[in-house]
1. Using DSSP to call loops (not H, G, I, E or B), can you name the trypsin sites (Lys or Arg not before Pro) in the range 84-135 whose Cβ has at most 16 other Cβ atoms within 10 angstrom?
2. Please give the FRET efficiency for Asn104 paired with Ala223, using the beta carbon to beta carbon distance and R0 = 56 Å, rounded to the nearest 0.05.
3. With 28 Å as the limit, write out which pairs from Lys99/Lys166; Lys166/Lys340; Lys64/Lys211 have Cα-Cα distances beyond it, or answer none.
4. Taking amide H positions as placed in the peptide plane 1.01 Å from N, state which residues far from Leu375 in sequence (5 or more) or on other chains have amide H under 5 Å from it.
5. Under the rule of at least 5 residues apart or a separate chain, name every residue whose amide H is placed under 5 Å from the amide H of Ala66.
6. When the Cα centres of the range 309-379 and the range 250-301 are compared, how far apart do they sit, in Å?
7. For Glu235, Glu379, Glu270, which order do you get if you count the other beta carbons within 10 Å of each Cβ and list the fewest first?
8. Kindly provide the chymotrypsin sites (Phe, Trp or Tyr not before Pro) of the range 266-353 that DSSP labels as loop, not H, G, I, E or B, and whose Cβ sees at most 15 other Cβ atoms within 10 Å.
Amino acid sequence: MQPAMMMFSSKYWARRGFSLDSALPEERPAAGSLTLNRSSSGKNEETKGNKGNGKSEPTSEGGKTAVVFSLKNEVGGLVKALRLFQEKHVSMVHIESRKSKRRNSEVEIFVDCDCSKKEFNELIQLLKFQTNIVSLNPPENIWTDEEGKAIFVSLDLDCVPWFPRKISELDKCSQRVLMYGSELDADHPGFKDDVYRQRRKYFVDVAMSYKYGQPIPRVEYTAEEVKTWGVVFRELSKLYPTHACREYLKNFPLLTKYCGYREDNVPQLEDVSIFLKERSGFTVRPVAGYLSPRDFLAGLAYRVFHCTQYIRHGSDPLYTPEPDTCHELLGHVPLLADPKFAQFSQEIGLASLGASDEDVQKLATCYFFTIEFGLCKQEGQLRAYGAGLLSSIGELK
């Protein structure tokens, strides 16, 4: 499965000013329904009438737009559909096709066109009778600079929940922590430990101060924290050969070699982030505590994993009531280094951008039962690939 924004050739999206790094989705398809794409940008190409001076003069009500519709795989279907574009004087700039992911008997047609709102609306009404419209992007008011390049698009986003349009806007997501790492419940092992609570506050301050593009601050872990990490690392390492999936076992030795995964050393997030970037395009950033499903999944859309830096209380190293850095580094990171697993994680994130609360909850549930507690069969044996299992000694046993 390809991410929504890469539904057609990557060369085409590059021409429109998009890339996988930007992670701006052009579609949110829903079977049998009409979906409005609420974010669009890119460059306007020169119009035929202005080839001499290289400038375009779009009308106030016109603009670049796109529509995706599906057709039954039969002779003449595409010709009939494209004839409607001609009848409504809609200029086609680019067209592509692919096999439908919804129905094997259909193909999906992508058309990038240049037209006014009136022409586009009339076209859509006609297309509805002959095709199944998967996604559309209605033209809005587009401001251009002196070279005719689109610099701003007026959009009506009232009905779409906010989501980050660029990776730096994850700074806002990471600040919206539901429960800070220093706020411990009464049944938490470190609830009555003032030294531990103060230490947790330090990690909160580090995470809340972090901004996109900065190197992740290196933490000097205490002897007690290293000891706790060592117990978890040692016990889990005994179980991985017989319980972890092959993708995990492939990447774990690399983390030992390049990121300092050892019993006597807690890996630094900056080293881990650099390693992941080279392996799968993922990076990590520190977070102070729990994020909402929407904010957490938004990070995955940009191949960013929000990662805690604090370590569970030393009185019970085999138990933690919350995700800590042992869970993140031993449970999530080895599989995020796998390109296919990273792609799957990003697709869940992409699907969450601008989605309704109900759909985000469904995606969070999917995440929970796969990325957190997923099991698979390899060579006839049941193996764990979920981070919640791979970081829990009790669960693996």
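1. In loop regions of the range 84-135 (DSSP not H, G, I, E or B), the sparsely surrounded trypsin sites (Lys or Arg not before Pro) are Lys101, Arg102, Arg103.
2. On the way: r = 60 Å, r/R0 = 1.08.
Efficiency, from the Cβ-Cβ distance: 0.40.
3. Working: Lys99/Lys166 30 Å; Lys166/Lys340 23 Å; Lys64/Lys211 34 Å.
Over 28 Å apart, Cα to Cα: Lys99/Lys166; Lys64/Lys211.
4. Here Tyr385 satisfy the definition.
5. It is Cys113, Asn137, by chain and number.
6. Centre-to-centre (Cα) distance: 12 Å.
7. Numbers: Glu235 14, Glu379 6, Glu270 18.
Listed from fewest to most nearby Cβ atoms, that is Glu379, Glu235, Glu270.
8. Working: sites: Phe275, Phe282, Tyr290, Phe296, Tyr302, Phe305, Tyr310, Tyr319, Phe341, Phe344; in loops: Phe282, Tyr302, Tyr310, Tyr319.
Within the range 266-353, the qualifying chymotrypsin sites (Phe, Trp or Tyr not before Pro) (loop, at most 15 other Cβ atoms within 10 Å) are Tyr319.
Taken together, the values in this text are just the output of simple stated rules run on the coordinates, not laboratory data. What you are looking at is a predicted structure, and each value in this text was computed from that prediction instead of being measured. All Cβ positions, even for glycine, are placed from backbone atoms using ideal geometry, and neighbour counts span all protein chains on display.
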